[in-house]
Every structure is written in structure tokens, then in C-alpha cells.
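Please treat every number below as a calculation from the coordinates, not as lab data. These numbers were taken from a predicted model, which means no experiment stands behind them. Using ideal geometry, Cβ is built from the backbone for each residue, glycine included, and neighbour counts are taken over all protein chains shown.
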Amino acid sequence: MEMTELITNFYAGLMQLMNFSTLWVMFLGMAVGIVVGALPGLSPAVGCAMMLPFTFYLSPINALLLLVSVYAGAEYGGSISAICINTPGTAGAVATSIDGYPLTKQGKPGIALGVSLWSSVIGGIIGTIGLIVFAVPLANLAINFESYEYFALGILGLTIISSLSSENYLKGFIAASLGLLIMTIGYDHELSFSRFTFGISELQDGIKFIPAVIGLFALSEVFYNIARIKDKGTEKKKLSYTFPAISQILPLKFIIAKSAIIGTIIGAIPGAGAAIASILSYNEAKRTSKTPKEFGHGSLEGVAAPESANNAVVAGSMIPLLSLGIPGSASTAIMLGALMIHKISPGPDLFKPAPYGHPELIYGLFIAFFLTNIILLILGLIGNRLWVKLISFPDSIIYSIIVATSFIGSYFVNTSIFDVIICFVFGIIGFLLKKGGFPTAPVILGLILGAMIEENLRLSLVKGGMLVFLQRPMSATILAIALISFLWPILKHLLNKKKYTPPAIK
Amino acid sequence: MKQKLIISVFLLCALFLIVNNIYGHKGTKKDFPSKPITIIVHSKPGSGIDIMSRIIADIAQRKHKVTMVIENKPGTQGVVAMNHVLNQKRDGYTILGVTKSFLSSVLVNATTVKIEDFFYVAEVMQDAEVLIGNKNTQVNDFNSLVEDAKSKKGKQIWAGPGTGGRDQLMALKVWETLGISGTWVDYKSSPQTALALLRKEAPVSVGNPGDIEGKADLILLAVAHPERLKKFPEVPTFKELGYPLEEYMWRGYAVANGTPIKVTTFLENLFKEIVKDPQFTSYIEEQGAFSKFNGHNNFQKKINQELHETKLLLTKAGLLQSYINFNPIQTTMIGFAISSLLIISIISLALILKRKTSITIWFSAGMIWLSLMFLHQTFSFIIPPEANITSPALIPRIWSILLILLSTSLIATELLGSKKEPIKEDNVKTIQIIVLTLLYFLSVPFMGFYVATYIFLSISLFILQNKNIYTIFVTASTFTIVCYLIFQLALGISFPTGILG
């Protein structure tokens, strides 16, 4: 494209945004998104669906912006409850709670929330640049990503177990296998029969992810800590209101950038999603960290990586939608619907000059993506003080409220009491795991990745067979990275042990 | 003291208002509808029927002053949503979005729900089934598709989202009518099916015209509709090509049997008006589909006829066969016996080795028990030799054997390792809270969310060292009020109200 044309397009896009209603729509969407994200059980897609009727009366660009703001706001909002009460509000915030919640326990929720906010904003901006500059190659990647690569990506995600369970590998692997095995419960559509439902018809759909996460993380934390409550239940906790200084954010710049790149790429792959992006970037951050031991105990890098990645996913997920017409997630499917209501069909034609395409819409969206991140920063900074205030109540109050919130979160996933029971069962499983010194995060990992691994392995075997995984360059590369990333922490651990054992023998 | 009094009075007033608002409507008989109608949708937000229902709700609100809310109940291809509607009061306030795919899903899934359990109020749209191809491949029109199929002798890949659904049935119908055959590959979702076509992995897929929206390389090969589509006038119909094939997907709305006829008539008329609305028709036509109203009588007749046809097709395709060979209760009993044996042997082993058992050992034993249960069941799956699938037993076997091996090694290391003294903790409170949590969760359907939560918070705060009645009152009241404000008022989603509601 010629430079002048590009400038004209950006100018036309900018003109689309230069009005009060657009800014208002973005503020509204962002605020709704943050609240929906922070409330466990309400996914970004639910937030988008709730706002869909409003888009009927907005201009096409405003309609799209409203939904994009909700989506981005929700991906950030998920981290608030993950950090404050160990209850990830969205699937993409699971990795955030691994290090975010320990920071709260240390009395530093402000630092965690601040790092999460800045990482989300910067991650979102980097993702936007990726969307603008690399839309074409990433769309090609999305097309060529077959079941073999999805399988390999799932395996790569699993390798994080070895770094999550550095205290006891055996226990970590057991926890992960449990998650993977549980994920096989449910109706098998290929052969049309109920697999491992043990006669319980509600299990036909398998174990829902969010109720299980809330049980394993939030409820089990309450059960486990009750014996340790010290307060008399009247005085407020002394939590630090300090928000991170620039000097704390700056050292995270490489982690944030790297995670944003991972997030953009994973976001562009239909169906992979924020959960996988945040896990992979968490793992990558730990692998390259100078202080890997801090991970799991309140590492700022551990908060920055997943948060940067899950907001970059939002921009990344626009790539298959806009350039291929393929929605990669439920939220983008709603955006597709909103565009079609306005008689605009996304896809390569959108980029053609008017009257065939809608370049002003595309370039307006690009510019608006930057703006939404600035709005996110403003709303986040206002909100953070409030969240810290809310969780400074005594433990007895916080724990009681976490139980009630667990009910709400697991109930609203599917408005079903069965999911609430699942949440309770996982609360007990998590409690036993903690008592036995097992890590809980690998179980979640198994639940996130189990279905993706199995579905795509089965499809690949039908299509090509085992060897194809190694013949295809992309899947072979991902599998090789997976092997290295799996063995790396174990080898490092063993090498370190060797280094330190000689003096002990003496 | 004075401040406490003011806060208490304020909270009491707020609680009173909420109670009045939630439970106050009881007993007042008004014309239908006197409260919001819930549309239950069987798929996730963003699906075709979800967006269509949201548009309908919007028109109903603006033009007809009827409030409708959409609730998504995805699962088991619609069975979860159908069950949900049957379990609600049959007063017309819960209606179900239905599609033709339900006919096969109730047959294919092991379920007690029947198509006959519903009263079909109105059909609102029809969407022709089409064959989709990629214009950059050799199979870029109908004739080349048939030639390619004949040369590949049954190996031609037909892509589609799902097994046993409408799209696969359409494929079977096409094969039969045209005298060709192919291999059905389930790509799980519409986006993945479209991607398979875009990367030329599969030459053809079955779907609806809306599926190619925005995908420049994808084209329609043939339309199973009597006339050519307005949006795709260049695409021939099966009829023109010499094959009398007509097949389309429809969507409509239904209520549970036993709903008062006055109510269903009201709903039928409402849908009749909505289908005429330009906002509705333009959205439907944008996807190459037709807005089409059929009232209860015609709709019901059509469904009865199609149900019969679907049964025949599914039986022919072997999709109604049972692929498991066990009684779940019996299998669970066997698993239980194995587990008991195992735990007894672990205890004896610990006694022999004079080691104390720990929670780690118990948990690992539990894991072995669970894996054995799963492993045991995989041996009762029957995989038909002609099925083009990977065994559903493969992955569960890998995970369960892995879990058994890992747990066994952990037990071994624990038993052989050094003895650790367990940390003594006050477990009474923990058990109290766990039991209280369970009671709370189970009581919500009966007591309603607000009442149950209020009681739970009060008791839980009391147990957790907080004997200050004022703090308990303020916390429980504030939380309940905030929940009401956020969920009910701001987001418009409601909690179960229980027997009081």
C-alpha cells in the first residue's frame, strides 16, 4: 500500500473517532468489561453478549468499539479477583493468581494490581502494533495451524508443569495427570456415548473449567487457612496502598514485551485463547528469569507476564476475524454478529477501498485500540485504590465472602447448581492437595489443555497418523521446544544440586 | 452509637426494599406477560441462534413492550437446555430456542428428553443447506466435486462441525442422491471447518450460506433449496442439477407441554409480528437465509414428519448404535471393590514397615483408585471396525496409567523415606466451615440465594471468631445488598429465589 493511501486511511479512521459518543462508548464498554471480568463466572463473552443489543443503535465503528472495550476490560478485570481473593475471574487470569495472590498475602496487593494494570496496558498496545503490522503473516499462520500444531501447542503448555512443581516433581506430575484424566469425562461425540459419567447425566458435558478453578484456588484456600486465622475479627488488616513505582515496572519491560508477542501470536490462532497464552508466557518468563525461585511466591514477573499476554490476545484475536472472517473465540463471534447486523461482512474485503470495503472502519479500529488501552489505564488507576480498600477487611469477613463469591462464580457459568457442587468437590480436592503438599496449579493446567490435546490428537491420527507430527515443520518445532522446555528446569535443578552437593558430602 | 443506629436503620430499609422487590409480586394476577420472559438458548453467546434471539428480544422490547432476557445453557447439543426448560414452571415465562438439529441430538444422545415433550410455538427462519468449496482448488464447482468424489472412491474428505448432526445427515443424503461416497471428518466447530477448507485440506464441507461470510476464497457449490438464493444468484440448486434434494435448517421457539393455551397464542402472535420486522428480516437475509413464519399447527406437523425421517437416516448411518457395554452402577461397584482392596493393602504395608501413613499416601492411593475406575471402564467401549475414528479409550488410558505409575512411586518414596511428624492443627473449625459451605450451596435452590447467603454469612462469621453481632449484621446485609445492586439491577441477571419466589 502506498504511503499516501495509508495516511488517508488512518486520517479517515481518526475522523471516525473524533466525536463525543465514541469516547463515551469506549469508557462505558471498558467499565462494564472490568466489572464483568472481575466477577468470577462471567466470561468476557458474556459481557459482550450483554452489550450486543446496544450495538444495534450505534454506528458500525462504535458497535465494534463497544465490544472490543468490553473484551479488553474483561481480560484485565479477571486479574483483580485473581490477585485480591485468589479467584481468577477469567480463564486468562489463572496464571496471574499464582503470583498475584501471594503478593496480597504479603500485604502488597497494590503492587500486584499496579503491575497487572501496567502490563495489561503495555501488552495491549504491543498487541495492537502486532495487529497493524503483522496481520497478514499471522493470518497465514492461523490458516496453516492444523490439528497437529494444536496438539503440539497443548503439549508445550503441559511442559510448564515441570517448572511449576520444582519442589517435588512427582507431586506436580500427579496433580497434572489428575487434571488431564478428569478432563476426559463427558460425552464422546465421535462414537456418541457417555464416557466416564458413572451414570450421572450432568457429567455428560464434562467438568466445567471455571467452577473447578474457583474450587481449587479460592475455596480450598479458605478451607486450608481457617485453622490459621489469628484476628479477632474486628480490626482491619494493614495493607499497603503503595502502587508500583516506575523503577519497579521498568525492569519488567522485556518480560512484558515478550509476553505480549506470545499473546498476539496465540490470540491470532483461532480457538487457542487467553488461558493458553498466559500460561505459555508465564512459563517463558520463569524460564528466562534471573530469580526463578521467586515464582509462585509473589514474583512481579509472574504477574506481568500473563497479564501482558492476555491483553495482547484481544488484539491478536482480531486478526483472523478481520482478515479471514473467522472468529477465534466467543467474544469475536459476537463481534462478527454485530458487524453482520450492520450489513458489514468482515474478511479481506473490508480492507478494500470504499465503496467495496470499509478501510475507515479498520483504521478507526486500529487507532481506537490504542485509545482503549489509555482508557483502561485511567479506569484501572481509579479502581485499584477501591479494590485494596475492599480486601483490607479482617480475614474472617474476607473468607466468608470468598465462599459466597465462589457460589456466585460457579453458578453463573451455566446457572446450574451442579456446577456449584463441582466447585465444592474441587474445593475439597484442592484442600487435600494442599494438605499433602501437592501444587494445585498443575490440575488446572490439565483441565485447560486436556480437551485440546485429546481432540486434536484424535483428529490428527484420523487424518494422517503419528509420523505427521514430526514431518510438519511447525508441529515438529513446537514439539522440540516443548521437550527442551520440559527438561530444562529439571536439568537445571539437577545441575544446581550437583554443584552444591560436594561440600555437603565433606 | 448513633452512627451505628443510623447505618442499621439504613441497611434494614434497603433489605426491606429488596425483599419487597424480589418476593413482592407473588399472588398478583395480571395478563401475560407480567414479568420478563426468559429465552433459553442451547449454545454459547455469539452463536447464530443466540444473536438472533437477542435481536428478537430487542424488537419485542421496543415495539411490543415485552421484556425478554436471553440465558445460555450450552451442553450436549441442546439436551441441557431442553431439560432446563422442562424443569421450570410451565407458565410460558421460560421459552426454548429450537433448531432442526434438536431432532437428531435427542436421538443420538442417551437422554430421557423427547421432542414430543415440547409445544412448538412458532418457526421464525429457514436456512438452506449448501455445499461449500474453495474456489482456488480443483473442486470449484458441482461437477468437479462429483468427479473428484468418484475418482477418490470414498476417500474424499467431507468436513463439518460435529458428528451425528444435521450437517452430517445432509452429507449422507447427498451421497445417497448422487450415488457417491466420502469420508466424514468432524472438525468440531464451524471456524475449524472453514479453516480446513481455506487450507485446502478438505475439498468440501456442508453448512449454511452464512458460513462463507467474509471468507473470500470460499464459494457455494450447490444449494438444497427449490429456488436460487437472492444473495448468491450464481449458485445452482440441486434441482437444476438434476437431483431432487431439498434440505434446510430451521429455527423457532417452543415451550414445555402443559403451558396454558392463552399464553402460547400470545407468544405465537408476538413472533408473527417480530418476523415481519425489518430489523429481523434484514439480519436474517444478510446471511442468505429467509425469515419465515410458521404458526404452531404447521410447525408441529412438520416436526413430526421430520423426526420420523431423521430416525430413519440416523439408523441407516449406524449412529443410533450403543457403543458401550456396561452398567455404570455395576462398574462403579467393581471399581469400589478394587479401591478397598488397595487401601487395605497399603495400610497393611504401612503396618508391616511400621510407618505412619500420611495424607500424601492416602491421596495417592485415592488417585490409583480413580485411575483404575477409569481404566476399567475403557475396556467396555466398543469401537465399530468401520468407524473412521481414533479410539476414545486411547487418551484416558495414557493418563490413567501415567497417574497409577506416578502415584505408586510417590507412595513408595513416602513409605521408604524419612518419617515426618505431622503438624498438629485445630481442625474443628475447618470441618465446621466445610460442612457449612456444603449446606449453604445445597440450600440455595430451596431457600433462594439472598436468604441462604445471609444465613451462611452470619453463621460463618460467628464461627470465625467474630462474636460482634453488629459487624455480622452489617457485613451480611451489605454483601446481600451489593449482590442485588450489581447482578439484579445493573447486569439484569437473577439468582435463584427458591420456594419463596
- Query: Cα centroid distance between region B:32-64 and region A:71-88, in Å?
  - Reply: 29
- Task: State the answer as a single residue: which of A:Ala63, B:Ile486, B:Ser380 lies farthest towards the positive end of the charge dipole of the protein assembly as shown, with beta carbon charges of +1 for Lys and Arg and -1 for Asp and Glu, about the Cα centre.
- Result: B:Ile486
- Descending semi-axes in whole angstrom, ellipsoid equivalent of region A:75-147, from the Cα gyration tensor: 31, 15, 8
- Note on the structure: A correct Stokes-Einstein calculation for chain B, using the alpha-carbon Kirkwood radius, 37 °C and 0.692 mPa s, returns a whole-number D in µm² s⁻¹ of 119
- Can you tell which of B:His296, A:Pro439, A:Leu487 lies farthest toward the positive end of the dipole of the protein assembly as shown, using +1 and -1 charges on the Cβ of basic and acidic side chains (Lys, Arg; Asp, Glu)? A:Pro439
- Item | Test item: A:31-43 mean partner chain Cβ contacts at 10 Å | 1
- Item | chain A, relative contact order in percent, only Cα pairs under 8 angstrom and at least six apart counted | 28
- Query: Cα axis of helix A:60-85 to longest principal axis of chain A: angle in degrees, 0 to 90, nearest 10?
  - Reply: 10
- Task: Could you line up A:Phe198, B:Phe381 from fewest to most neighbouring Cβ atoms inside 10 Å?
- Result: A:Phe198, B:Phe381
- Task: Arrange the peptides A:245-257, A:478-490 so that the one whose residues have, on average, the most other Cβ atoms within 10 Å appears first.
- Result: A:478-490, A:245-257
- Message: At a 10 Å Cβ-Cβ cut-off, how would you order B:Glu176, A:Glu284, fewest neighbours first?
- Response: B:Glu176, A:Glu284
- Item | B:Glu129 long-range amide H proximity, modeled H, under 5 Å | B:Ala224, B:Glu247, B:Tyr248, B:Met249
- Task: Looking at the protein assembly as shown, send over the antiparallel percent of its DSSP beta bridges, to the nearest 5.
- Result: 65
- Item | Burial ranking of peptide ranges B:253-260, A:73-80 (average Cβ count within 10 Å, highest at the top) | A:73-80, B:253-260
- Semi-axes of region B:211-267 from the Cα gyration tensor (sqrt of 5 times each eigenvalue, largest first, whole Å) come to 36, 16, 9
- Let me know the charge dipole size of chain A about its Cα centre in debye, to the nearest 20, where only the beta-carbon of Lys, Arg (+1) and Asp, Glu (-1) is charged. 1940
- Query: Taking neighbour Cβ counts within 10 Å as the exposure measure, how do B:His308, A:His342 sort from fewest upward?
  - Reply: B:His308, A:His342
- Message: Apply the a/c threshold of 1.5 to the C-alpha gyration tensor of the protein assembly as shown and tell me whether it is rounded, prolate or oblate.
- Response: rounded
- Measure out, as a whole number of angstrom, how far apart the alpha-carbon centroids of region B:253-270 and region B:71-113 sit. 16
- Message: Among the complete DSSP H segments of chain B, which ones combine at least 20 Å of alpha-carbon extent along their axis with a mean Kyte-Doolittle hydropathy of 0.5 or more?
- Response: B:2-23, B:328-352, B:359-378, B:394-416, B:428-447, B:449-463, B:469-483
- Query: Which order do peptides A:315-322, B:150-157, A:266-273, B:111-118 fall in by mean Cβ count within 10 Å, highest first?
  - Reply: A:315-322, A:266-273, B:111-118, B:150-157
- Taking the alpha-carbon centre of each part, the distance from region A:385-459 to region B:172-251 in Å is 42
- Message: Output needed for region A:3-505: three equivalent-ellipsoid semi-axes, defined as square roots of 5 times the C-alpha gyration tensor eigenvalues, in descending order, whole Å.
- Response: 35, 28, 24
- Item | Of all DSSP beta bridges in chain B, antiparallel share, percent nearest 5 | 65
- Cα-based shape type of region B:130-246, given that a ≥ b ≥ c are square roots of the gyration tensor eigenvalues and the cut on a/c is 1.5: rounded
- Item | Normalised contact order of chain B, rounded percent, pairs of Cα under 8 Å and 6 or more residues apart | 15
- Please determine, in degrees from 0 to 90 and to the nearest 10, the orientation of helix A:359-390 with respect to the longest principal axis defined by the Cα atoms of chain A, where the helix direction is its Cα long axis. 40
- Indicate, rounded to the nearest 5 percent, the antiparallel portion of the DSSP beta bridges found entirely in region B:130-246. 55
- Could you size up the charge dipole of region B:44-122 around its Cα centre, putting +1 on the beta carbon of Lys and Arg and -1 on that of Asp and Glu, and report it in debye to the nearest 20? 220
